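First comes the structure, then the notes that go with it.
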């Protein structure tokens with residue numbers, strides 16, 4: 001069970017957004033179904049839709065702030081954004097530096113593989129072998145999970161999720177460790193990629209929105225999320241990108 005530290009600072013985020021006339025939203029653009037780019041470069045995904053709902057409720061425009069999993073903490077410390085909405089996983093390390101909203105999605109780490117390889121990786125023991133090559137994106141919870149649990153496997157690190165997925169699809173690795181929701185979407189759309197059905201979950205991952213310590217801002221975001229849940233809007237947004245089942 002995750003414990004999310006309380007936001008206790010009296011901040012000015014809401015007032016700053018309204019004065020600025022813009023909600024600054026950080027996103028990585030590499031993580032389906034939460035935050036990625038359409039063919040024309042337009043930001044799309046679950047969190048993009050929710051961010052647009054937030055901006056409408058505030059009566060302001062959105063300013064998209066590009067970030068990476070490696071630079072997220074530094075961008076938070078530099079106050080480059082008002083909220084990070086990119087499928088951010090709750091971690092103790094991140095909670096020490098900032099605040100999280102109430103969780104809005106639950107998934108877990110799993111192994112996505114190449115279908116043509118026909119190798120089964122249904123446990124950490126089958127993955128943690130010198131003859132297994134794991135690809136992972138740099139700077140996020142996937143890389144941390146691999147460092148903590150797969151100390152014997154050969155590890156290939158790529159700069160972002162898209163590059164890691166492409167490496168796997170081309171045969172440059174046996175498996176990619178990622179959240180099961182991403183594995184589900186990617187394997188559905190690329191016949192070269194496979195994930196078990198249901199996927200083997202190696203841990204519990206909860207997604208939330210991430211921001212600087214500001215109690216008033218957290219209350220506002222949590223209230224908006226609650227309203228989206230109660231009127232069915234959040235489920236409809238998830239279904240748009242994932243399907244009707246809120247599977248891991």
When restricted to 7, 115, the only residue farther than 27 Å from residue 134 by Cα, touching a strand residue (DSSP E or B) at 6+ places or on another chain (Cβ under 7 Å) and not assigned by TED's automatic domain parsing to the domain that holds residue 211 is 7
State yes or no: is residue 175 under 15 Å from the mean Cα position of the chain (by Cα), outside the structural domain of residue 37 (by TED's automatic domain parsing) and more than 17 Å from residue 69 (Cα to Cα)?
no
In the range 145-158, anything more than 11 Å from residue 127 (Cα to Cα) and touching a residue at least 24 places away in the same chain (Cβ under 8 Å) is listed as 145
Residue set 119, 79, 129, 53; condition closer than 18 Å to residue 23 by Cβ, more than 18 Å from the chain's Cα centre (by Cα) and in a loop (DSSP other than H, G, I, E, B); output residue 79
Taking the range 229-239 and keeping residues surrounded by fewer than 20 Cβ atoms within 10 Å (Cβ to Cβ) and either assigned to a helix (DSSP H, G or I) or in contact (Cβ under 8 Å) with a residue 60 or more places away in the chain (or both) leaves 229, 230, 233, 235, 236, 239
Selection status of residue 157, in contact with a strand residue (DSSP E or B) (Cβ under 7 Å, 6 or more places away or on another chain) and either under 30 Å from residue 219 (Cβ atoms) or buried (at least 21 other Cβ atoms within 10 Å of the Cβ) (or both) = no
- Determine if the range 148-167 includes at least one residue that is modelled with pLDDT of 95 or more, assigned to a strand (DSSP E or B), out of contact with any helix residue (DSSP H, G or I) (no Cβ under 9 Å at 6 or more places or on another chain) and outside the structural domain of residue 84 (by TED's automatic domain parsing). yes
(request) Could you tell me whether the range 82-89 includes any residue that is surrounded by fewer than 17 Cβ atoms within 10 Å (Cβ to Cβ) and either more than 16 Å from the chain's Cα centre (by Cα) or not in a helix (DSSP H, G or I) (or both)? (result) no
### Message
Please determine whether any residue of the range 59-66 is more than 19 Å from the chain's Cα centre (by Cα) and assigned to a loop (DSSP other than H, G, I, E, B).
### Response
yes
Matching residues in the range 189-226 (part of a helix (DSSP H, G or I) and either over 30 Å from residue 79 (Cβ atoms) or in contact with a helix residue (DSSP H, G or I) (Cβ under 8 Å, 6 or more places away or on another chain) (or both)) number 7
State whether the residues of the range 34-47 include one that is in the same structural domain as residue 226 (by TED's automatic domain parsing), part of a loop (DSSP other than H, G, I, E, B), surrounded by fewer than 22 Cβ atoms within 10 Å (Cβ to Cβ) and in contact with a strand residue (DSSP E or B) (Cβ under 7 Å, 6 or more places away or on another chain).
yes
Within the range 170-192, the count of residues that are closer than 20 Å to residue 39 by Cβ and surrounded by fewer than 19 Cβ atoms within 10 Å (Cβ to Cβ) comes to 5
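The values are calculated or read from the model by the stated rules, or taken from the named source; none is laboratory data. None of the values given here were measured: they were computed from a predicted structure. Note that each Cβ is placed from the backbone with ideal geometry, even for glycine, and that neighbours are counted across all protein chains shown.
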